[in-house]
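Each reported figure results from applying straightforward, stated rules to the coordinates on display, with no laboratory input. Just so it is clear, the model here is predicted, and its values are computed rather than measured. Using ideal geometry, Cβ is built from the backbone for each residue, glycine included, and neighbour counts are taken over all protein chains shown.
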Amino acid sequence: MQTVINGVLTNYELINPKAKFPVVVLHGWGQNSGHWLPLAKKVSDRFRLYLLDLPGFGGTKNLADGSGIPEYVKFIKNFVTKNNLKRITLIGHSFGGQIAAEFALKFPELLNKSIFIDAAIVRKRNLLTRLKILAAKIIKIPTLLLPNSLRKRILTLTASRDYAQANPYQRSVLKKILRQDIGAKVNLIKVPTEIIWGSDDHVIPYMGKFLVENIPTANLHVIYPAGHLPHLTHPAKLATVLNQILEDEPA
């Protein structure tokens, strides 16, 4: 389905359109709503699922260059308002979890609960990441005169995979969101919160324990032996956890 939010043509999938309880799903970096369709079909049909393509991904057009978490949160808020959704459950995976956490801080009145899956809420750069960023900056100017194919090859070797595979708009967003660490504010999240983490997630350092210790309302669910993409690698296990969480809704 398509609609227009903030002047941006927006694509989303609607599952169980006649169900009572609204659930909005925000995908991770480099993905889109299609990656969540197989899992969505395993979720109880009591729930109306909105699988949203975030701006710049899938079938949704871009926001302004350099948009960050505040702009994406405003976009989600306007999507919720336009669709007249009340007391939603907001699910965010990875980058989507970063957006969902900020949404929970700014618009708790719109939420029934939040579910963070391997969420990129704490943005701490390890030594390898910092060295890659430094190397990319050092070689950027000398490579401008090289053929485009060779420049891309060098970029692949020196930059993160997310950055190397991104288009110009996505790179402008990635630079912004990597500096937006919400970890210091998670203790202010007051809505009921569920944390889901793959036991073998090596993409984002394990932060499930930190989040459940610092979000007053949070519970932790660990999926073994899943990595960063449990919706793709362990959909049955993730669906079981989600259904248990969601079925706490009143009849």
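Couple of notes before you dig in:
- Within straight-line cross-link reach of LYS20, aspartates and glutamates at Cα separation under 18 Å, skipping those fewer than 8 residues along the same chain: ASP45, GLU247, ASP248, GLU249
- 14 Å beta-carbon shell around ALA236, net charge (K/R +1, D/E -1): +3
- Full-extension gain in nm, LEU9 to ASP65, via 0.36 nm per residue minus C-alpha separation: 18.6 nm
- Label point distance in nm, ASN83-ALA19, each placed 7 Å from Cα along Cα→Cβ: 1.2
- Sites MET1 and THR233 - FRET efficiency at Förster radius 22 Å, r taken between beta-carbons, to 0.05: 0.20
- Modelled label reach - ASN167, point 7 Å along Cα→Cβ, segment 56-82 residues with backbone N closer than 19 Å: 56-68, 72
- Filter on LYS86/LYS209; LYS18/LYS176; LYS18/LYS209; LYS106/LYS176; LYS41/LYS175 - keep pairs with C-alpha separation over 28 Å: LYS86/LYS209; LYS18/LYS176; LYS18/LYS209; LYS41/LYS175
- The protection proxy used here, the mean number of other Cβ atoms lying within 10 Å of each residue, ranks peptides 16-22, 47-53, 242-248, 34-40 as follows, highest first: 47-53, 34-40, 242-248, 16-22.
- In Hz, Karplus ³J(HN,Hα) per residue of segment 19-35 (6.51, -1.76, 1.60; θ = phi - 60°; x = Gly, Pro): 5, 7, 9, x, 10, 10, 10, 10, 6, x, 4, x, 10, 7, 4, x, 5
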